[in-house]
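Right, one structure below, let's go through it.
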Amino acid sequence: MAAAELEYESVLCVKPDVNVYRIPPRTSNRGYRASDWKLDHPDWTGRLRVTSKGKTAYIKLEDKVSGELFAQAPIDQYPGIAVETVADSSRYFVIRIQDGTGRSAFIGIGFTDRGDAFDFNVSLQDHFKWVKQETEISKESQEADTRPKLDLGFKEGQTIKLNIGNMTSKKGGAAKPRVSGSGGLSLLPPPPGGKVAVPPIPPPSSTAIANHVTPPPVQKSSNASSADILLDLDAPAAASKAPASATTDLWGDFSTASSAVPNQAPQQSNWVQF
């Protein structure tokens, strides 16, 4: 089946009232003028339909009641010689009608309402704008088919190399593991070269508090070395020796008081006097 037979006809515009005039031949290049026509006495009145079939538009003049075709004008280009506007009005046009035998004639058409003339003009403009777009698209597709296609496939023996940043590099070695905390959070190790915090001095025992024996204060320098830290840790041990001398004095007072009491039995030899 031919491509022309596959095309269907679509209606672009319908106007129920249109007047047809016989126009005198044009004697100059100034264009047609509607004032030269007998506008009060149209030669025919009927209905106008604008249709399209493929890229060609048709202006059809039909009877209002029966729909019988009075004349039609095929249009291949707009604006063009098939449809022309007049110089002195926007409601009148000159169209070229053709019959089946190839004969043609120019007649004038006019609309009573200016809006009908505007719709008629716009319907033709929209159709041929679409024709122009279709022509450009088909031309681009033909040019794309003629261009050499790019071969983006891998050839035999060709490989590809991917560099991933998180993978172990040859120079850097394995990445350092992170210490994970109890709550599932990763903790970073302490920075190198940091200062070690000095542990607090434990409070003295109750015996030393009772005898008012307190260790001497230790003066700390801002740049404390590891030896000073060890001396601070030995301070509680020195404080623990103070209650021993205090205990010796307490036993001496007790023995002196007991010797002052008369008729007191001598102390047992198990007691050790210091």
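Quick look at the numbers
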quantity	calculated
Sulfur and carbon atoms: percent of accessible area, the stretch 14-64 [1.4 Å]	41
Built amide H within the under 5 Å cut-off of Ile23, gap 5+	Gly108
The stretch 1-64: radius of gyration and largest Cα-Cα distance (Dmax), Å	16.3, 49
For the stretch 24-163, accessible area per residue (1.4 Å probe, heavy atoms of protein chains only), Å²	70
Packing-based order for 8-14, 100-106, using average beta carbon neighbours within 10 Å, highest first	8-14, 100-106
Isotropically averaged projected area of the stretch 11-108, using the convex hull of Cα atoms (one quarter of hull area), nm²	6.8
Peptides ranked, highest mean first, by Cβ atoms within 10 Å: ranges 88-99, 40-51	88-99, 40-51
Cα gyration tensor shape for the stretch 64-106, rounded if a/c is under 1.5, else prolate or oblate	oblate
Distant-in-sequence amide H partners of Val83 (H built 1.01 Å from N, under 5 Å)	none
Column: log10 I(q)/I(0), Debye, Cα scatterers of the stretch 71-151, q = 0.17, 0.25, 0.27 Å⁻¹	-0.78, -1.20, -1.28
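The values are calculated or read from the model by the stated rules, or taken from the named source; none is laboratory data. This one's a predicted model, so the numbers in the text were calculated from it and none came from an experiment. Backbone-built Cβ (ideal geometry, glycine too); neighbour counts: all protein chains shown. Heavy atoms of the whole protein, side chains included, go into the accessibility calculation; ligands, DNA and RNA do not. Shrake-Rupley method; radii C 1.70, N 1.55, O 1.52, S 1.80 Å.
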